[in-house]
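Here is the structure we will look at, set down as structure tokens.
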């Protein structure tokens with residue numbers, strides 16, 4: 001029996017190694033559907049307009065369009081999509097800026113493991 005409805009999750013990271021590792025982490029979770037991987041913030045808005053997206057793990061530091069701008073655009077399009085910022089930078093002011101742009105949560109790439117990522121995903125989905 002599933003305790004949660006399936007979550008349609010999008011991964012956004014300009015490192016294919018990190019994006020693929022995240023996909024593998026969530027692959028075994030019965031109630032999480034990885035619906036796609038975007039390598040840049042500029043790809044995200046068109047993706048969520050075409051696909052039912054419940055949540056996004058969003059890298060912040062990307063070249064063409066960073067996560068700050070992508071978060072703002074997504075939240076303007078659909079504020080119900082939950083976004084978790086994901087970055088190597090974990091300074092308090094940086095995290096505050098991510099949340100001020102509309103992110104629902106944050107995980108440092110230094111601290112990321114499956115349990116922490118699942119816990120944060122379920123926490124933001126319950127908001």
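The values are calculated or read from the model by the stated rules, or taken from the named source; none is laboratory data. Since this is a predicted model, take the numbers as computed values, not measurements. Note: ideal-geometry Cβ built from the backbone for every residue, glycine included; neighbour counts use all protein chains shown.
Okay, residues lined up against (1) free of Cβ contacts under 8 Å to residues at least 24 places away in the same chain; (2) more than 17 Å from residue 117 (Cβ to Cβ); (3) in contact with a strand residue (DSSP E or B) (Cβ under 6 Å, 6 or more places away or on another chain):
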position: 9; (1), (2), (3): no, no, yes
position: 15; (1), (2), (3): no, no, no
position: 28; (1), (2), (3): yes, no, no
position: 32; (1), (2), (3): no, no, yes
position: 46; (1), (2), (3): yes, yes, no
position: 55; (1), (2), (3): no, no, yes
position: 58; (1), (2), (3): no, no, yes
position: 64; (1), (2), (3): no, yes, no
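Scanning segment 59-74 for residues that are surrounded by fewer than 21 Cβ atoms within 10 Å (Cβ to Cβ) and part of a loop (DSSP other than H, G, I, E, B) returns 61, 63, 64, 65, 66. Is it true that residue 85 is at pLDDT 95 or above and farther than 25 Å from residue 21 by Cβ? It is false that residue 85 is at pLDDT 95 or above and farther than 25 Å from residue 21 by Cβ. Condition test on residue 39, is it surrounded by 13 or more Cβ atoms within 10 Å (Cβ to Cβ), in contact with a helix residue (DSSP H, G or I) (Cβ under 8 Å, 6 or more places away or on another chain) and under 13 Å from residue 13 (Cα atoms)? Yes: the conditions hold for residue 39.
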